[in-house]
Amino acid sequence: MNQKWNGGANNGISQLAACTNTYATRNLQPVWYQGSLITNGLEATNLAMDQFTQLIRDNGFRRALPAKIDYSIPSPVTSSTIRGETSFSQARVPLSFVINPTQLDRVEINGLTLSGSMFHAWLHRAGFKDPKTTSYFISEAPMCVMRGNQGKGPALPDSALYQFFD
């Protein structure tokens, strides 16, 4: 937010948006979106963060059902950490998700990985869909979070990150 706000000019580009703009080329808009075609990751990130702000506001002012954090061990067991159902509406959507508790016990899963996984789940709640692969906005934006907004490299392949998505 501070990076985008840019000292009051509101014309900055966040590190997340810059990273996502580099890698996200497909499914750049949520299912409910009716506006002009979104053509790049920067626009998609800005739309998603505006939508996310709206969802937080709706949840905070009780304009949506209360958000719940449930836990469930998936059957069959998977590596996903946090799952959120895709919402088909723009507003009044609870930020609910389901946590796979067996993954939280793994010491090698760090905070950035969990944050990216939660962001992925919340992007589902904001109306984004994906086939759990690279180039899709809902995969690339959370992977940017997981990499600390750094570029991709051979030491950390996409498959090592999106295995934690629902």
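Count of region 110-128 residues, restricted to those that are assigned to a loop (DSSP other than H, G, I, E, B) and either in contact with a helix residue (DSSP H, G or I) (Cβ under 6 Å, 6 or more places away or on another chain) or modelled with pLDDT under 90 (or both), is 2. Within region 83-118, restricting attention to residues that are of a type in the set (D, E, K, R) and either in contact with a strand residue (DSSP E or B) (Cβ under 8 Å, 6 or more places away or on another chain) or under 30 Å from Arg63 (Cβ atoms) (or both), the residue that is surrounded by the most Cβ atoms within 10 Å (Cβ to Cβ) is Arg83.
Got at least one residue in region 99-113 being touching a residue at least 24 places away in the same chain (Cβ under 8 Å) and closer than 23 Å to Asp50 by Cβ? No; the residues of region 99-113 include none that is touching a residue at least 24 places away in the same chain (Cβ under 8 Å) and closer than 23 Å to Asp50 by Cβ.
Scanning region 114-143 for residues that are within 17 Å of Pro94 (Cβ to Cβ) and aromatic (Phe, Trp, Tyr) yields a count of 3. The criterion of being of a type in the set (Val, Ile, Thr), touching a residue at least 40 places away in the same chain (Cβ under 8 Å) and under 21 Å from Val77 (Cα atoms) does not hold for Ile138.
Annotation note: Cβ proximity below 6 Å between a residue of region 52-68 that is farther than 15 Å from Ala126 by Cα and a residue that is of a type in the set (S, T, N, Q) (sequence gap 6+ or interchain) occurs for Lys68/Ser96.
Annotation: of all residues in region 57-87 being part of a strand (DSSP E or B) and aliphatic (A, V, I, L, M), the one that is nearest to Gly116 (Cα to Cα) is Ile82. Residues that are more than 16 Å from Phe119 (Cβ to Cβ), out of contact with any Phe, Trp or Tyr (no Cβ under 8 Å at 6 or more places or on another chain), surrounded by fewer than 16 Cβ atoms within 10 Å (Cβ to Cβ) and of a type in the set (Val, Ile, Thr) within region 1-56 comprise Ile13, Thr22, Thr39, listed in sequence order.
Counting the residues of region 1-48 that are in contact (Cβ under 8 Å) with a residue 40 or more places away in the chain and either β-branched (Val, Ile, Thr) or not in a loop (DSSP other than H, G, I, E, B) (or both) gives 16. Listed conditions (1) assigned to a loop (DSSP other than H, G, I, E, B); (2) touching a Lys or Arg at 6+ places or on another chain (Cβ under 6 Å) are all met by Gln150, apart from (2).
If Met143 satisfies all but one of (1) over 20 Å from Ala64 (Cα atoms); (2) not in a helix (DSSP H, G or I); (3) not basic (Lys, Arg), what's the number of the condition it fails? For Met143, the failing item is (2).
The values are calculated or read from the model by the stated rules, or taken from the named source; none is laboratory data. Quantities reported herein were computed from a predicted structural model and do not represent experimental measurements. Cβ atoms come from the backbone with ideal geometry, glycine included; neighbour counts cover every protein chain shown.
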